[in-house]
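Heads up: the structure comes next, in structure tokens.
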Amino acid sequence: MINFLRKKGTSIAVWLILGVLALAFGLSFGLPTQDIKLGGGGLAKVHGVHVRPNDFVYQYNAVSRTMGIPKDPRFQEQYGVKEEVLETIVERIVYAEAAEAIGLAANTEDAELLTRDGKLIVTGQTFPFLGSEQEFNYSIFSGMLREWFMVSEPKYLEIQRQELLARTMRDLLASTIGLSEVELRNEYDSRENQISLRYIQFPSVYYSEIVDPSPAEIADYKDGHIEELANRFEAQGSRFMKLPAQLRLRLLAVARPPNEEMGNDPNHKDITETANQQARDTIENARKRILGGESFASVARDLSTDAGTARAGGDYGWITVEGSGSGLESVIDETAKQLPLEEISAVLEGLDAYYLVRIDGKREGDVAKSDAIEELAYEAVKKDRGKILAKQAAQEALLAVNEGATMAKLFRSPDVLGASAPGIEQFALGQELARGPAVSAGQPRVEETGLFARGRAIPGIGANADLTQACWKADPSREAIDEVFETAAGYLIAGVENKQEGTDEGFTESREQLYRELSLRRGAPILAKFGKRRCLEARGRGDIKPNNSQIKRQLAYETSDTVDDSGKKITKPYAMCDRVGGQGNILKLSAALAGSRQ
């Protein structure tokens, strides 16, 4: 071994200490205690190479560290992680033997050079174990062997020598798949050409909240869409059947100051009483305005502090006040039970706020088809008009940007466009209501996608062919692309925040790695068939000899999920070579699935 991987004069005592440390780290890493042995029979003999329990420990730790395999025993048992770990060891030796059989070679010095570059190979994939700018450090390397992998330096280098041979054999097989320079450049560009956008979404549902369909609009919609509404009723009929007693509630709330202690502050009581009186005056004023002829909806949008209903004109939807109640304050439920239809309540004093309520409808049991179609038409009118308003808001926002406003400045203002000119902002569509502090979810705001590659779905937006095509043609120096884009949720405007493109120099530097990755990807079926056939043939000749009793113990999982009638653990059947050729694909899948759950 060359000097940077070796310290001369290591005593027997030091190696004994390292052995004890390795054992301790192995037990703490989460492997069952039978996985670590200081002797005894091996798990298999593959082309003359003994696969022992400590080889399994190394491979288990290596794939866990590099791929992020979760330690949960149930998860590991479900995906057969231990079986896959053993198979990747066998696959490595099978490919290395195939390489040597045709005259390929790799020696310890090759493994040392790989290590000096701060890289290791696991299941054919190359991983860095040092930071990109960090030079090789023997102390870090030896600590990694001792603490991470629990393997001696000579054994580690021999494994890496085998991995190099196996990778060379895979590369040779994959090289039979032809790849053109155009394909390589396209792959490089798809990775390196990235863009990020700033954008503002105008969701249709946000604007539909401010729509109050008139009876005439609903009637017109029914006349023009009666067949569509009938089909919708058939599809959604269950929502109108066997209903408990329900009320359609409209609510206006004015928040009261919290009743909390403020230490020894002598002014706290006066401040609280003043704020409470202001809230009381506001709710009384709201009731006078409604009784004076203003609509409940317009006053609620103006004064209500309930974020969930203010923009919708106080429309809370259908509620059940019997039994456990609606979940609102009890004073609301009790009043709603007695309140006649379309009558405004007196001011209600709750714990959190003062309230006005109105009941707009009552129903129970099966809703008549005509009433159900009326409700479906009402919803459809709101949805259609909401989409129109969303598009109008997006167009006016884009106009303001084209006249010199920035997106960030535009949507810090209290109205939709930050402008005094009349337009869609008269509907109080911006970040705050005119006088009420309630803020609805879905309000337009500036967002950023982060960098994404060309041809990929746009983060936060999804697939949008028109926007994707336009953003790559757009001038990054402009605040926004001069177009309003339709999405599944409504409309949006967008501008280029950052744009990165690949270079000829970058392609030259990346070409070798790209060629390997693409050829291996396309050659995966060939590699899988080759590896499995070689393994099965070797097992048939006796060149691969599994020790089934040792394997059964090694692959046991510390779970009680699968037991027979007597309580004895049932282990899944395993036959060596079943997964050889997959290059640890199940390990990669399990790691990806575990990551998606976090």
## Note on the structure
So for region 70-147, using the alpha carbon gyration tensor with a ≥ b ≥ c as root eigenvalues (a/c under 1.5 gives rounded; past that, a/b versus b/c decides prolate or oblate), I'd call it oblate
### Query
Using θ = phi - 60° and the Karplus curve 6.51 cos²θ - 1.76 cosθ + 1.60, what whole-Hz ³J(HN,Hα) does each residue of region 393-402 get, with Gly and Pro shown as x?
5, 5, 5, 6, 5, 4, 4, 4, 5, 5
### Query
So, counting K/R as plus one and D/E as minus one, what does the shell of residues with Cβ under 12 Å around LEU467 add up to?
-2
#### Entry: P(r) tail fraction, region 243-365 - alpha-carbon pairs more than 24 Å apart, %
30
### Query
Under a point spin-label approximation (7 Å from Cα along Cα-to-Cβ), what is the ASN193-LYS155 distance to one decimal in nm?
5.0
### Query
Between ARG445 and HIS47, what is the spin-label point distance in nm, taking each point 7 Å from the Cα along the Cα→C-beta axis?
5.9
### Task
Over the alpha-carbon set of region 464-539, work out the extent along each principal axis and list the three values in angstrom, largest first.
65, 37, 14
### Message
For LYS387, give me every one of the aspartates and glutamates with a C-alpha distance below 17 angstrom, ignoring sequence neighbours fewer than eight places off in its own chain.
### Response
GLU209, ASP212, GLU217, GLU379, GLU396, GLU425, GLU483, GLU486
### Task
Go ahead and run the numbers for FRET between THR108 and SER175, Cβ-Cβ distance against an R0 of 30 Å, rounding to 0.05.
0.70
### Cβ-Cβ FRET estimate between ALA235 and VAL205, R0 fixed at 25 Å, reported to 0.05
0.80
### Message
Can you give me the long-range amide H partners of ALA353? Hydrogens built in the peptide plane at 1.01 Å from N, cutoff under 5 Å, separation of 5 or more residues or another chain.
### Response
ARG256
### Net length gained if the chain between LYS529 and ARG116 were fully extended (0.36 nm per residue, minus Cα distance)
145.3 nm
### Query
What net charge do the residues around ASN107 carry, taking every other residue with its C-beta under 12 Å from that of ASN107, with Lys and Arg at +1 and Asp and Glu at -1?
-4
### Message
Per residue of region 98-106, what does 6.51 cos²θ - 1.76 cosθ + 1.60 with θ = phi - 60° give for ³J(HN,Hα)? Whole Hz please, x for Gly and Pro, Karplus curve as stated.
### Response
5, 5, 5, 5, 9, x, 6, 8, 8
### Query
Of ILE283, GLN338, ASN267, which is farthest along the charge dipole of region 243-365 in the positive direction, counting Lys and Arg as +1 and Asp and Glu as -1 at C-beta?
GLN338
### Task
Taking H placed 1.01 Å from N in the peptide plane, check which residues at least 5 places from LEU120 or on another chain put their amide H under 5 Å from its amide H.
PHE127, PHE129
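Coordinate-derived values only; no laboratory data. None of these values were measured; they are calculated from a predicted model. Using ideal geometry, Cβ is built from the backbone for each residue, glycine included, and neighbour counts are taken over all protein chains shown.
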